[in-house]
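Below is one structure; the comments refer to it alone.
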Amino acid sequence: MSPSKRRRTKFVVRVVPHASQRYDTVGDWVPGKPVEIRVSRMHDERYVFLIALHEMVEFELCRMHGVTDGEVVRFDREFEAERSCGLHSAGAEPGDDRRAPYRKEHAFATNIERQVALKLGVKWSDYEEKIMKLDARKKIQLAQVVSRNKVAGAGRV
């Protein structure tokens, strides 16, 4: 089928509270009609744009190469479980891990993201720091919930 006759992928970008993401991530793509791109809420619209751009590029490359949403989500959740056991640093990206089924697609999307960030005047270290703070906030909130549940259940037998 020629590219002109192929059905075009449609995207919808949704800005969501970070805690509403499917797992601990600031950007996520969910296949469907249209493909939903979920970006954690941030005050700098350039950051939202960059994350959405990364997710769209990554989605399209994964689709083209047969990498499924299930494979990506399963790997990312396993990676986050490993991180909680201290096997990965706080700043480690699941998509950069050599075992990631979407490593090449993620790397290419990150290269595009970095180039556009430069053109938008975004300092990459500031951008990464903001993303890390969102992740850290979600982890702190989760730890507080777990801690409260332990205290609430302490008197139970």
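Quick notes
- Residue that is surrounded by the most Cβ atoms within 10 Å (Cβ to Cβ), among those in the range 105-129 that are among the hydrophobic types (A, V, I, L, M, F, W, C) and within 16 Å of V57 (Cα to Cα): A109
- Qualifying residues in the range 93-104 (those that are assigned to a loop (DSSP other than H, G, I, E, B) and in contact (Cβ under 8 Å) with a residue 12 or more places away in the chain) - the one nearest to V57 (Cα to Cα): Y102
- Filtered residues of the range 49-95 (kept if aromatic (F, W, Y) and surrounded by fewer than 19 Cβ atoms within 10 Å (Cβ to Cβ)): F49
- Residue count for the range 31-43, restricted to those that are of a type in the set (D, E, K, R) and either closer than 16 Å to M132 by Cα or in a loop (DSSP other than H, G, I, E, B) (or both): 2
- Looking across the range 1-45 at every residue that is surrounded by 17 or more Cβ atoms within 10 Å (Cβ to Cβ) and among the β-branched types (V, I, T), the one that is modelled with the lowest pLDDT is identified as T25.
- One residue from R46, R8, R22 being touching a residue at least 60 places away in the same chain (Cβ under 8 Å) and either farther than 18 Å from Y127 by Cα or part of a helix (DSSP H, G or I) (or both): R46
- When restricted to residues that are at pLDDT 95 or above, among the small types (G, A, S) and not in a loop (DSSP other than H, G, I, E, B), the range 105-133 contains 3.
- Boolean, D28 is among the acidic types (D, E) and either out of contact with any strand residue (DSSP E or B) (no Cβ under 6 Å at 6 or more places or on another chain) or outside any strand (DSSP E or B) (or both): no
The values are calculated or read from the model by the stated rules, or taken from the named source; none is laboratory data. If you're wondering where the values come from, they're calculated on a predicted model, not measured in any experiment. Ideal geometry is used to build each Cβ from the backbone, glycine not excepted, and the neighbour counts take in all protein chains shown.
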